[in-house]
Amino acid sequence: MLTTALKLGIADRNYEKAASDVAKTTYSKAPRQNKGGWLNEYYDDEGWWALCWIAAYDLTDNTDYLETARSIFDDMVNAWSTPCDGGVWWDKSKTQIAAISNELFLSVAAHLASRVERSNTGDYISWAEKEWDYFSKSGIINGKGTVNDGIDIKTCKNNNAAVLTYNQGVILGGLAELAHATGDFAYLDSAHDIANAALLALTDNGILTETGGIEEDTTLAMFKGIFVRGLRRLYEESPRDVYRDFLRGNADSVWGNDRDGNGFMGPRWQGPLGMVTSASHASAVDALVAAVGI
């Protein structure tokens, strides 16, 4: 009988091949004008797309994908114009300063710095370091060490909005990538501080738990998967037993407590099974994949 880990390892290899095929098909349908069709009015959307194309490049070595990510980042740089001594806007209408857009800006810059030829790195490291200098001093990291959802543009202080799992996960992955690109372990120290605070504040008996209506809000149901992806990236760069045990424990709980008879998974990883959606299933798959091989 195959162990769960072996099953997940096979799934992971199949996923890599499927992701490569999807990337090729998707890209072939996207015209190269307008940066490959991957720009819109929201800088966080652009950041997600850039990271997706970087992942596609990692899977295929197709430099077209990397160049698309670079061109998207060129547009994101235009967001660095807030009235709060730095940082990027969430949208091109300049209505909000969100944690997620700033985290993605750092992460995309750090990922690009690790992948383009050294002679072509441009300002990627500088931008990532500039973003972290702003982010770490902005007050968006609260007194408990976790990240709130944004900055109040009137006061330039923490808006005290929700502490969401994905806002912790994206910055963990970004800082791990920045440490990899620069060799500066101080970024890992900062990431560990946020990770440890998140594991304390956002878990229920060791299982990651989201604030809010995870069944009613399918976007919210995706956030935990983003957190475990970021934590896994931090673990790869700086392994700690507590992260390994956490990722294994959450994967085991998903597999044992949050899965219906057809293998579809819901939004509550500790169970009982809630309303299954494509978002909840994808997020739970992230939990399984994050535990593979550790």
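The values are calculated or read from the model by the stated rules, or taken from the named source; none is laboratory data. This is a predicted model, so every value here is computed, not measured. So basically every Cβ, Gly included, is an ideal-geometry build from the backbone, and we count neighbours across all protein chains shown.
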Does segment 169-180 contain at least one residue that is more than 22 Å from residue 283 (Cβ to Cβ), in contact with a helix residue (DSSP H, G or I) (Cβ under 8 Å, 6 or more places away or on another chain), touching a residue at least 40 places away in the same chain (Cβ under 8 Å) and assigned to a strand (DSSP E or B)? no
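Identify, from the list 133, 91, the residue that is more than 17 Å from residue 177 (Cβ to Cβ), in the same structural domain as residue 181 (by TED's automatic domain parsing) and surrounded by fewer than 22 Cβ atoms within 10 Å (Cβ to Cβ). Don't jump to the end; show me each part of the working.
Numbers: 133 fails: more than 17 Å from residue 177 (Cβ to Cβ).
The unique qualifying residue is 91.
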Output yes when any residue across segment 246-268 is in contact with a helix residue (DSSP H, G or I) (Cβ under 8 Å, 6 or more places away or on another chain), closer than 25 Å to residue 149 by Cβ and polar (S, T, N, Q), and no when none is. yes
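Restricting to segment 92-111, what's the tally of residues that are over 14 Å from residue 230 (Cα atoms), part of a helix (DSSP H, G or I) and either of a type in the set (Gly, Ala, Ser) or in contact (Cβ under 8 Å) with a residue 60 or more places away in the chain (or both)? Can you show your working first?
Filtering segment 92-111 down to residues over 14 Å from residue 230 (Cα atoms) leaves 92-99, 101-102, 105, 109.
Those still in the list that are part of a helix (DSSP H, G or I) too: 99, 101-102, 105, 109.
Adding the requirement that they be either of a type in the set (Gly, Ala, Ser) or in contact (Cβ under 8 Å) with a residue 60 or more places away in the chain (or both) leaves 99, 101, 105, 109.
Total meeting the criteria: 4.
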Looking for something surrounded by 22 or more Cβ atoms within 10 Å (Cβ to Cβ) and of a type in the set (D, E, K, R) - is there at least one such residue anywhere in segment 234-254? no
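Against the definition (modelled with pLDDT of 95 or more, more than 14 Å from the chain's Cα centre (by Cα), loosely packed, with under 15 Cβ neighbours inside 10 Å and of a type in the set (S, T, N, Q)), how does residue 262 come out, yes or no? Outline the logic, then answer.
Working: modelled with pLDDT of 95 or more: yes; more than 14 Å from the chain's Cα centre (by Cα): yes; loosely packed, with under 15 Cβ neighbours inside 10 Å: yes; of a type in the set (S, T, N, Q): yes.
So residue 262 passes the test.
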